[in-house]
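Notes follow the structure.
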Amino acid sequence: EVKLVESGGGLVQAGGSLRLSCAASGFRLDDYAIAWFRQAPGKEREGVSCISHSITSTYYADSVKGRFTISSDNAKNTVYLQMRRLKPEDTAVYYCAAAEGLSCDFFSEYADGHGMDYWGKGTLVTVSS
């Protein structure tokens, strides 16, 4: 069974750090791009970051560039999102998603979430002032 399971969300003060994990099962990371999206109540879904392995590339939204880092551990079939210098506007439910054959060099064209083959259920990140 193909599954994506997010973990690592929680409550953190502004300026703090948090690391999210996306554990994949039922498929190999090498065959897919893994992307992080976030959605706050009443807001549209926002593409945050992407990492691809078959075509090595990464993407960061302007809103998180320089603060967030995406990485992967293929041995554990897990992708991470290290979030630093967190701001209250980063508060959202964070989702990971997988897309076969996607190059993250062109992820801006998929930042609305279309084209993703699998989705996790999300993990809540709350950043207090």
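The values are calculated or read from the model by the stated rules, or taken from the named source; none is laboratory data. Everything numeric in this text was worked out from a predicted model, so none of it was measured. Positions of Cβ are backbone-derived with ideal geometry, glycine not excepted, and every protein chain shown enters the neighbour counts. Only protein heavy atoms, including side chains, enter the accessible area calculation; ligands, DNA and RNA are left aside. Shrake-Rupley method; radii C 1.70, N 1.55, O 1.52, S 1.80 Å.
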*Straight-distance crosslink candidates among lysines, where the alpha carbon sits under 30 Å from Lys76 and sequence neighbours closer than 8 are dropped*: Lys3, Lys65, Lys87, Lys121
_Solvent-accessible area of Asp31 with every protein chain in place, 1.4 Å probe, in Å² to the nearest 10_ = 80 Å²
_Net +/- balance of residues flanking Ala24 in space, Cβ distance below 10 Å, scoring K and R +1, D and E -1_ = +3
*Using a cut-off of 12 Å between beta-carbons, work out the net charge of the residues near Thr123 (Lys and Arg +1, Asp and Glu -1, Thr123 not included).*
+2
_Could you sort Thr123, Thr58 by their accessible area in this structure, using a 1.4 Å probe and putting the largest first?_
Thr58, Thr123
_Can you tell me how segment 9-77 classifies by the Cα gyration tensor, rounded, prolate or oblate, using a/c under 1.5 as the rounded cut?_
prolate
*Evaluate the distance, in nm, between pseudo-label points positioned 7 Å from the Cα of Thr56 and of Lys87 along their respective Cα→Cβ axes.*
3.1 nm
*Among Met83, Met116, what's the order by accessible area (1.4 angstrom probe), most exposed first?*
Met116, Met83
*With all protein chains modelled, accessible area of Lys3 [1.4 Å, Å²]*: 100 Å²
_Cα centre as origin, Lys/Arg/Asp/Glu Cβ charges: segment 81-123 dipole, Debye_ = 360 debye
*Ordering His53, His114 from largest to smallest accessible area (1.4 angstrom probe), what's the sequence?*
His114, His53
